[in-house]
Amino acid sequence: MVSPLKYVRPNILALSPYSTARDEFKGGDISVFIDANESPFRTGFNRYPDPRHRRLKERIAALKGVEADNVFIGGAGSDEAIDLIYRIFCEPGIDNVVAMSPTYGVYSVAAAINNVEYREVDPGADFAFPVEAALAAADAHTKVIWVCSPNNPTGLAVPVEDIIRLADSFDGIVAVDEAYIDFSPVASALPLIASHPNIIVLQTFSKAWGLANLRVGLAFSDPRIAALFANVKYPYNLNGPTQREILRQLDRDITPQVETIKAERERVASELAKYPCIERIYPSDANFLLVKVDDADRLYDHLVSRGVLVRNRNRVPHCAGMLRITIGTPSENRLMLAAIADYCHMPAPADDAPQSSARTATVIRHTNETDIEIHIDLDGDPSASVIDTGLKFFDHMLSQLPHHGGFALDILCRGDLQVDEHHTMEDVAIALGDAIRIALGDKRGIERYGFVLPMDESRAMVLIDLGGRIDFQWDVTFDREYVGDTPTEMFKHFFQSLASSLKANLHISARGENCHHIVEGIFKATARALKAAIRRDQFSHSLPSSKGII
Ligand SMILES: *Cc1c(COP(=O)(O)O)cnc(C)c1O
């Protein structure tokens, strides 16, 4: 069996890698760490992280059934591993790689950055990977064949026999990118690294694990290649909080979520098939569907106008007229299907999905003034909520919503607080209203109304009707301009913005002596009112209106 080192660039083979202070420390009873020019003052982050990610590697190895020395962990997602593969194997200006077209765009961009020729071969039927064409395109200077399985954006996985045939026939590296393998019925190529030292398998935490924000990707290979990944990577490519967070996240069981996505993929595909504007739905082993439509740009614009963002692949080779639709939560998928139905002038699909379907929504909004990410799960665990807008008092008030509303709510916002609080509070209100409205979906089975009247020396009364008509009444006076770091006048604006994006009728009145308590009373009362309004009526799956629509 050939050594995979045969394919490595001579300068990389000869490299004596950078050795960090922590690499040189072989262990011992040390209490004074003055070896790395770190600050001795505690910030929570003043010490360098483990450059070799030992604990994490062992945990991942155990999870995947390989050895720790088969594992490379990338700190910029698997995109880091893709770039490293070029740098380890491909001599700039001399070597080339082969890939199917269309496929994941990073392979060709990373080739261009590294000045490596990128050879494309056409796909087979249904976008199957063209094994023979890829082998035929390879020559003495071909170092890597890229195999994306399941392929992005087309969806099909590559059978393991095809990977074996490539690895047996090709005198070079077969890089198998399995970003979507958790959604696929086709087996992973991972076990092949033991028998085929020229196979590298890439995986990521960004898709099925739901950790795209952490930017952690994986490469599994023969230990000789994994050692080269470790030598060529930036010394501290994975920060400490990320290493700890991944270790914590690995205790989760992702199976239920993966199963939901797979079931939704089939449901969405069968719904889409009913619409005349959808000309073809490609078979998918991933968490998305590639569809050919009558007019991709027009449908794309229509979906955007309905607040639904898909990926327009119209200008990608072999993908003219196509959109790539990621499978969302059941309620997100319902909104997407309703928007497509509307485009086709057809009624929205009959909603026979069980009411136990997830009532969740994600709203991501980046503007010049604010970057906001909100996630809500109306049936989720309130104690898992994370709220951070940079305004302490506002955060304290917002955190009343999940606790008293009985839902899970994450709000992350970074706004132009150096200007003032206005955009942060307004944009959070708008995004929060959108999130609640989207999570409620068509509102089938909810109670619709709620009201409550607490608390303290102050009293707050909040009436809410999620019926779809916007009205806002505010009868509150404050005798101070600020509570903590938050201007009191902004609360009226906050609730007004919330009412309009939620499309709700919201009446708020409050009296009291202490501004803090008045605001707190309003937030708690709003949360209680929401809790009552969004609660599912156990006995009714119908719409809570005599007109049948709200
Ligand atoms: C999303 C994706 C990745 C990127 O993963 P990161 O780990 O987030 O960099 C890799 N390959 C394919 C095919 C993808 O679609």
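The values are calculated or read from the model by the stated rules, or taken from the named source; none is laboratory data. Predicted model only: the values in this text are computed from it and were never measured. Here Cβ is always computed from backbone atoms with ideal geometry, including for glycine, and neighbour counts include all displayed protein chains. We work out accessible area using only protein heavy atoms, side chains counted, and drop any ligands, DNA or RNA first. Shrake-Rupley method; radii C 1.70, N 1.55, O 1.52, S 1.80 Å.
Distances between placed amide hydrogens fall under 5 Å for T142 paired with N96, all partners being 5 or more residues away or on another chain.
Quick one: pull the percent of accessible area on the stretch 1-118 belonging to carbon and sulfur, 1.4 Å probe, ligands and nucleic acids left out. The value for the stretch 1-118 is 54 percent carbon and sulfur by accessible area. Put simply, the amide H of D177, placed in the peptide plane, has neighbours under 5 Å in V147, C148, S149, L202, leaving out anything fewer than 5 places away on its chain. With contacts taken as Cα pairs under 8 Å at a separation of at least 6 residues, the stretch 126-245 carries a relative contact order of 18 percent. Taking all protein chains as they are arranged and a probe of 1.4 Å, the heavy atoms of S399 leave approximately 30 Å² accessible to solvent.
Taken about its Cα centre, the chain carries a charge dipole of roughly 580 debye when the Cβ of each Lys and Arg holds +1 and the Cβ of each Asp and Glu holds -1. Sorting F220, F478 by solvent-accessible area of protein heavy atoms yields F478, F220, largest first, with a 1.4 Å probe. In the assembled protein chains, L290 presents an accessible area of approximately 0 Å² (probe radius 1.4 Å). Solvent-accessible surface of the stretch 304-403, taken per residue with a 1.4 Å probe and all protein chains present: 47 Å². Between T20 and K274, the simple label model (points 7 Å from Cα in the Cβ direction) yields a spacing of 5.5 nm. With respect to the chain, whose longest principal axis is taken over its alpha-carbon atoms, helix 296-305 is tilted by about 40°. Computed over the alpha carbons of the chain, Rg followed by Dmax gives 27.1, 82 Å. Close amide H contacts of V386 (hydrogens built in the peptide plane, cut-off under 5 Å, sequence separation of 5 or more or a different chain): L409, D410, I411.
Cα-Cα over 21 Å: which of K207/K262; K6/K143; K503/K531; K26/K57; K207/K233?
Among K207/K262; K6/K143; K503/K531; K26/K57; K207/K233, the Cα-Cα distance tops 21 Å for K207/K233.
The string of couplings for the stretch 425-430 from the Karplus curve (6.51, -1.76, 1.60, θ = phi - 60°) is 6, 5, 5, 5, 4, 5 Hz, one whole number per residue in order, with x for Gly and Pro. When only Cα pairs under 8 Å and 6 or more residues apart are kept, what is the percent relative contact order across the stretch 1-132? That works out to 18 percent. Note on R459: accessible area is roughly 130 Å² with a 1.4 Å probe, heavy atoms of protein only.
Keeping all protein chains in place and using 1.4 angstrom, which order do M346, M336, M1 fall into by accessible surface area, from largest down? Spell out each step's value before the answer.
Working: M346 65, M336 10, M1 180 Å².
Final ranking, largest accessible area leading: M1, M346, M336.
The 3J(HN,Hα) values that the Karplus relation (6.51, -1.76, 1.60; θ = phi - 60°) gives for the stretch 231-241 are, in residue order, 6, 8, 4, 4, x, 10, 7, 10, 6, x, x Hz. Gly and Pro appear as x.
Return a whole-number percent for the relative contact order of the chain, with Cα pairs under 8 Å and 6 or more residues apart as the contact set.
10
Note on exposure: Y107, Y48 ranked by accessible area (1.4 Å probe, complete protein assembly) read Y48, Y107, with the most exposed listed first. Backbone phi angles across the stretch 262-278, fed through the Karplus curve with coefficients 6.51, -1.76 and 1.60 (θ = phi - 60°), yield HN-Hα couplings of 5, 5, 5, 4, 6, 5, 4, 4, 6, 5, 4, 4, 7, 9, x, 6, 8 Hz in residue order; Gly and Pro are listed as x.
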